[in-house]
Structure formats: structure tokens, C-alpha cells
Amino acid sequence: DHEALAAGVVEYTNFDAIEMAQMCEKHPLLQFRRIGAMLYKRSKKWAQSVSLSKQDKVWEEAISTAAESADSALAESLLLFFVDEKLNACFSATLYSCYPLLRPDVVLELSWRNDLTSFAMPFMIQTMREMSAKIDGLVDKDRKEQEAKLAEKKKQEEALASGYNGMEYAAGDPNSMVVYGAGGMGGGMPQPGYGMPQPGYY
């Protein structure tokens, strides 16, 4: 029976899951087809699993499989299916569950063309909030980078000005040169050639 089969495919893995899924897919009983969808999903055959869930009108499973697939094309295809089938509640549920996979322009166009704006509004509000947060983050990052550049430039200019002033001081004061070793060795006596007459130069 289907309960034993479901328990077996969960407990054991040493079998051909795809072959088993294909067998279950063709079974007349819904319970066996659900096992087939589960096996497709477990084997990462997302499109086959979603297709089987759509065939059996198990909408919740189709939506959760599309969300788990991380496949934008599959999620948008399912969204369009719900629009065509006029399953507005499922359309809204897909927007919520598959939010990261859906392109805002696709959602906006579908909702506008099919009078589903009220169903899509929470999705659009969240999208605008995230876009605003990203823009604010970029603006703040740019402002901090500019402030850091200005601070570094000011620091370099101050260092340059300080070095220039020191050089100017040394060049303008002839007494700024220090003669090391003169102290303690008759520093009060005049140096030769600076106060005593030199022979032959009268």
C-alpha cells in the first residue's frame, strides 16, 4: 500500500529514485503520485515535481517545491500559471514564499495586466523597502569614504606645512646651527681667526 511505500522510500535510499518516481507518477491513486512528486523533489528534479503537484492540484506542495528549487524561471512560471488559472490566493502565496526568486518588474506587470495589484502590493512594498535600504547604505558608504579621503588629505597637508615651516626656520636663523662638543672646552674663548689679528694681514 502507499503508506508502506512512503515509509520505505524515506527509510531506504539504495534504489533508483527517478525510476520509482516515474512509476508512481502514472499510478491512478493520488497517494502514489504524491510519493512520485516527493521522489522528484528529493532528486532535485524540481520541474517534474512541480508539474506533478500542479496536475494533482496540490498547490501548497507546488509552491514550496518552487521556493526550495531556488530557480527563478520555475517560480515565475508557477506564478504565471496561477494568474492564468485565476487562483489569486495561490498567486499571493507564491509572492510570499518565492519572494527572493521573483523579479519585481515581472510581478508588477502581471499584477497590473490582470488586476491583481492589491494582491501584489505587500510584495512591492517589501521590494521598495529593500531598495531604499540598499540606496541608503550606498549613500552612507560613499559619504564615509569621502570623509575619510578629506581627513587623510588634511592630515597630509598639515604634515607638509609643518615640515616646510621647520625648513624655513632653519634657513632664516644663522644661530640655529648647534656646534656640538664646544661646551666645557673653553667655550668662552674666541675661536682662532675670529678676534685675533692674523699675521701678514694688517
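The values are calculated or read from the model by the stated rules, or taken from the named source; none is laboratory data. Predicted model, so just to flag it, every value in this text is computed and none were measured. Using ideal geometry, Cβ is built from the backbone for each residue, glycine included, and neighbour counts are taken over all protein chains shown.
Observations
- Residues (among the polar types (S, T, N, Q) and under 29 Å from the mean Cα position of the chain (by Cα)) located in region 46-77: S64, T65, S69, S72, S77
- Within region 56-118, helices (runs of 4 or more DSSP H) holding 3 or more residues that are of a type in the set (G, A, S) and free of Cβ contacts under 8 Å to residues at least 40 places away in the same chain: 59-69, 72-84, 88-97
- Restricting attention to region 23-55, the residues that are polar (S, T, N, Q), without any contact (Cβ under 8 Å) to a residue 24 or more places away in the chain and either touching a Phe, Trp or Tyr at 6+ places or on another chain (Cβ under 9 Å) or in the same structural domain as F81 (by TED's automatic domain parsing) (or both) add up to 3.
- If the condition is being crowded, with 19+ Cβ neighbours inside 10 Å and either among the hydrophobic types (A, V, I, L, M, F, W, C) or modelled with pLDDT of 95 or more (or both), then region 31-44 contributes I35, A37, M38, L39.
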